[in-house]
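One structure is given below, encoded as structure tokens.
The values are calculated or read from the model by the stated rules, or taken from the named source; none is laboratory data. Since the model is a prediction, treat every value here as computed from it, not as a measurement. Here the Cβ positions follow ideal geometry from the backbone for every residue, glycine too, while neighbour counts run over all protein chains shown.
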């Protein structure tokens, strides 16, 4: 007999994988039930609706992705400046990985037209978490206007991620990294 936590985790991971591979709108509850091996009653005990499941999957993905990104960036450089530049090395590798199907946060926003859907809020929070991480690295690197710098960074990561999502190429990370180097050099006196 599966424990409640295990079945919750099983549903979450199965739905996360299916939503990412096939698209949120293309995956029905019955497919999640069949693939996860849990009973319909069990799924509805954990998630009252598909929207609740989508929100839980997005939050789960956000937590995992942000933890991965922060750790990967920390492992890349010895200085804050090196780590800032390394963010696009990390992203380039992600974009180029064989199972990359686009940024899951961009995908969700593009798929779910309703701006009041919780998936939109989760995606905005991911952006803000990235911005705060970059703002902190920028301050440590000696960037004077770290607020403005972090907003400009979001444009670079957004552009590179959108290019990777739409075109399926990782090259946007190279251009973003070059632009970031220019930004850093002009922001540090």
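Suppose the filter is over 30 Å from residue 184 (Cα atoms) and outside the structural domain of residue 138 (by TED's automatic domain parsing); does residue 8 pass it?
yes
Any idea which of (1) closer than 18 Å to residue 61 by Cα; (2) exposed (fewer than 14 other Cβ atoms within 10 Å of the Cβ); (3) touching a residue at least 24 places away in the same chain (Cβ under 8 Å) is the one residue 124 doesn't satisfy?
Tallying (1) closer than 18 Å to residue 61 by Cα; (2) exposed (fewer than 14 other Cβ atoms within 10 Å of the Cβ); (3) touching a residue at least 24 places away in the same chain (Cβ under 8 Å), residue 124 fails exactly one: (3).
Being closer than 19 Å to residue 68 by Cα, in contact with a helix residue (DSSP H, G or I) (Cβ under 9 Å, 6 or more places away or on another chain), in a helix (DSSP H, G or I) and assigned by TED's automatic domain parsing to the domain that holds residue 180 is the requirement here; does residue 137 meet it?
Against the criterion (closer than 19 Å to residue 68 by Cα, in contact with a helix residue (DSSP H, G or I) (Cβ under 9 Å, 6 or more places away or on another chain), in a helix (DSSP H, G or I) and assigned by TED's automatic domain parsing to the domain that holds residue 180), residue 137 qualifies.
Specify the residue that is surrounded by the fewest Cβ atoms within 10 Å (Cβ to Cβ); the eligible residues are those in segment 60-80 that are touching a helix residue (DSSP H, G or I) at 6+ places or on another chain (Cβ under 9 Å), free of Cβ contacts under 8 Å to residues at least 60 places away in the same chain and assigned to a loop (DSSP other than H, G, I, E, B).
Among them, the one singled out is 75.
Name the residues in segment 167-177 that are touching a helix residue (DSSP H, G or I) at 6+ places or on another chain (Cβ under 9 Å) and assigned to a helix (DSSP H, G or I), would you?
172, 173, 174, 175, 176, 177
Looking for whichever is more than 15 Å from the chain's Cα centre (by Cα) and either farther than 25 Å from residue 54 by Cα or in a helix (DSSP H, G or I) (or both) here; the options are 130, 184. Which one fits?
Going through 130, 184 in turn, the sole match is 184.
From the list 110, 155, exactly one residue is at pLDDT below 95, part of a helix (DSSP H, G or I) and either surrounded by fewer than 17 Cβ atoms within 10 Å (Cβ to Cβ) or assigned by TED's automatic domain parsing to the domain that holds residue 26 (or both). Which is it?
110
Out of segment 30-59, which residues are in contact with a helix residue (DSSP H, G or I) (Cβ under 6 Å, 6 or more places away or on another chain) and more than 19 Å from residue 109 (Cα to Cα)?
Scanning segment 30-59 gives 32, 33, 35, 36, 38, 40, 42, 43, 46, 47.
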